1. Assuming V114 fulfils every condition listed in (1) open to solvent by less than 20 Å² (accessible area, probe 1.4 Å); (2) touching a residue at least 60 places away in the same chain (Cβ under 8 Å); (3) closer than 21 Å to L144 by Cβ apart from one, which condition is it?
2. Could you list, ordered by first residue, the pairs with Cβ atoms under 7 Å in which the first is in segment 2-22 and under 26 Å from E67 (Cα atoms) and open to solvent by 40 Å² or more (accessible area, probe 1.4 Å) and the second is hydrophobic (A, V, I, L, M, F, W, C) and in a helix (DSSP H, G or I), at least 6 apart or interchain?
3. Could you tell me whether any residue of segment 216-237 is touching a helix residue (DSSP H, G or I) at 6+ places or on another chain (Cβ under 9 Å), among the small types (G, A, S) and within 22 Å of W174 (Cβ to Cβ)?
4. Consider segment 193-215. How many of its residues are out of contact with any Asp or Glu (no Cβ under 9 Å at 6 or more places or on another chain) and open to solvent by 40 Å² or more (accessible area, probe 1.4 Å)?
5. Name the pairs whose Cβ atoms lie under 8 Å apart, with the first residue in segment 250-261 and at positive phi, the second outside any strand (DSSP E or B) and hydroxyl-bearing (S, T, Y), and 6 or more positions between them or separate chains?
6. Take L151 and decide whether it is over 30 Å from M183 (Cβ atoms), of a type in the set (A, V, I, L, M) and touching a strand residue (DSSP E or B) at 6+ places or on another chain (Cβ under 7 Å).
7. Among the strands (runs of 3 or more DSSP E) confined wholly to segment 24-74, which include 3 or more residues that are under 15 Å from N253 (Cα atoms)?
8. Output the residues belonging to segment 33-77 that are of a type in the set (G, A, S) and more than 22 Å from H148 (Cβ to Cβ).
Amino acid sequence: MFVSKLAYIGANATDVSAWKTYANDVLGLETGADSTDRLLYLRADERHHRLSVHAADNDDVAFVGWEVASHEALEAAAAQLEKHGVKVQAGAGHELVERRVLELVQFTCPYTGVRVELTVGNEVTFNPKFRSGRDLSGFRTDELGMGHFVLYTADVRAAADFYVRALGFGISDWVVSPEGVQMAAFLHCNPRHHSMALIAWPGAPRKIQHVFFETNTLDDVGATYDLCKQREIAATTIGRHPNDRSVSFYFRNPSRWFIEYGWDLRTVDPEKFTTEKYVLLPGIGWGHDGLRNLEDSAIAEMATSNSK
């Protein structure tokens, strides 16, 4: 595998100030000292940041950043992408400074339209230590990376195949309809069950569905759920996924897409794991009431907001 872990995610937002309050009070992340009114750096561990929020005229993912092990691995990954017909460009100097990395190459994913960055030398800030914005024990990251994200694509089979062939990802499992239609693919690049997932939805209202953080304790999930219910931003109940086995729930962010907090996510052995399949049927997991209608509520909320 060329990629070793998910490094960071950048989000465009029309209201950065709302994200700043939300990140501290709800997410329990720490605002970086070098944040500005137009660029918000959010810490979850010893990395300079895991999530960055950029002032823009849209509310969607801006880019995703992956780590590779070395300069040589970065060159090899770029060469492999070029072999698959993907144009790769070196990051500009100001982008290296903004992302806090030593090296960066980027390309546009041909199946999601999202800017993807491969990086070496992500900045570590071990002192001062990460301090949550509220009573939260912290997040499971380290060798597993930031967490995971989910994107929409018109051709989920081709998109998953691209990441396997071009960057060496493994497919943990597929979710299929009762009729056998492949609806979603979950991909790993290290022992975390998945660092990326792709959902089939031609004409989706945005590129991203959600970003996932794994908390250190089940209490972190429960307390966050209670907080989100109080603020009326919980999008689902707590439940357990049948594939990654995490106990989690989804909630809305100021940009009207979703964050998922979960605990005890399954790990796999990338060298031995074989792809699995799950049929989307009632009762396949427990809880997560509202998950099947997740986007209906988001689209309705966007329509209401845009009409004001």
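The values are calculated or read from the model by the stated rules, or taken from the named source; none is laboratory data. From a predicted model like this one, the values you see are computed outputs, not experimental measurements. Neighbour counts run over all protein chains shown; Cβ positions are idealised from the backbone, glycine included. All accessible areas refer to the heavy atoms of the entire protein, side chains included, with ligands and DNA or RNA removed. Shrake-Rupley method; radii C 1.70, N 1.55, O 1.52, S 1.80 Å.
1. Single failed check for V114: (3).
2. F2/A73; F2/A76; F2/A77; F2/L167
3. No, every residue in segment 216-237 fails to be touching a helix residue (DSSP H, G or I) at 6+ places or on another chain (Cβ under 9 Å), among the small types (G, A, S) and within 22 Å of W174 (Cβ to Cβ).
4. Number satisfying all stated conditions: 2.
5. Listed pairs, sorted by first residue: R256/S305.
6. Taking the combined requirement at face value, the residue does not satisfy it.
7. Qualifying strands (runs of 3 or more DSSP E): 51-55.
8. Listed by number, the residues that qualify are A33, S35, A55, A56, S70, A76.
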